[in-house]
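Colleague: Have a look at the structure that comes next, please.
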């Protein structure tokens, strides 16, 4: 049994995608980041960075006490390694999977996140920042579109943690993009959206957070964007 501490963000969706695809038993614990629940001391014990998602495995392979894992990429690697699912079994395939997972963690996620912030959440519109991140998001979409030419999924024929990591971050309507400009990416995105595991994962999201929205109040903005070192003490 796994406990997943989660909110309805792209990084949260990555893990429900894996758990649903692998049909693993888990309990979902909503951590409402707009209310600051990610800064609770008990949550800090399993997620030192005060961020969702975090996973607790109550039956780790070493037979020891429950094991907690934070950071979405680390959780995907952990689950893939434990189950042997959604990652190639050969060395070169594993390297390729990790390359594209790190590409998402270091590029697509952070750049799209800044895109969201400056387009939708910043208290003032800064044209330079908006243009900077919309263009970089476009470049990253282009990288993935090129990679997917002639491939069903990022690694070829097999759906993997690389796809699970990237899919939730492709939100063209919020990122100033048009999927029509990226035909390979559009085909891939539609195929993943239609997978039963994806449908189940996003249905879970609606159970946890029926009316998702960004920060609206000044207090919510302060919680999400105005924290300093004091929150980790």
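Where a number appears in this text, it was derived from the coordinates with a stated rule and is not lab data. Nothing here was measured: the structure is a model prediction, and the numbers come from that model. Ideal geometry is used to build each Cβ from the backbone, glycine not excepted, and the neighbour counts take in all protein chains shown.
Colleague: Exposure proxy check: 82, 204, 146 ranked by fewest other beta carbons within 10 Å?
Modeller: So the ranking, lowest neighbour count to highest, is 146, 82, 204.
Colleague: Further question: Would you mind telling me the antiparallel percentage of the DSSP bridges in the chain, rounded to 5?
Modeller: Of those bridges, close to 65 percent are antiparallel.
Colleague: Taking a ≥ b ≥ c as the square roots of the eigenvalues of the Cα gyration tensor of the chain, is the shape rounded (a/c under 1.5), prolate (a/b larger than b/c) or oblate?
Modeller: Since a/c reaches 1.5 but b/c is at least a/b, the shape of the chain is classed as oblate.
Colleague: In whole angstrom, note down how far apart the Cα centers of the stretch 53-98 and the stretch 21-42 are.
Modeller: 18 Å
Colleague: As a check on your grasp of the helix formula, calculate [θ] at 222 nm for the chain: sum -39500 (n - 2.57) over DSSP H runs of n ≥ 4, divide by the residue count, round to the nearest 500.
Modeller: After summing the helix terms and dividing by residue count, I get -14500 deg cm²/dmol.
Colleague: Treat the count of other C-beta atoms within 10 Å as a stand-in for reagent exposure and order 69, 231, 208 from fewest to most.
Modeller: In increasing order of surrounding Cβ atoms, one gets 231, 208, 69.
Colleague: Still on this structure: Hey, how many Å between the Cα centroid of the stretch 101-115 and the Cα centroid of the stretch 147-210?
Modeller: Rounded to whole Å, the Cα centres lie 15 Å apart.
Colleague: Provide 230, 160, 138 in ascending order of the number of other Cβ atoms located within 10 Å of each residue's Cβ, fewest first.
Modeller: Fewest-to-most Cβ neighbours within 10 Å comes out as 230, 138, 160.
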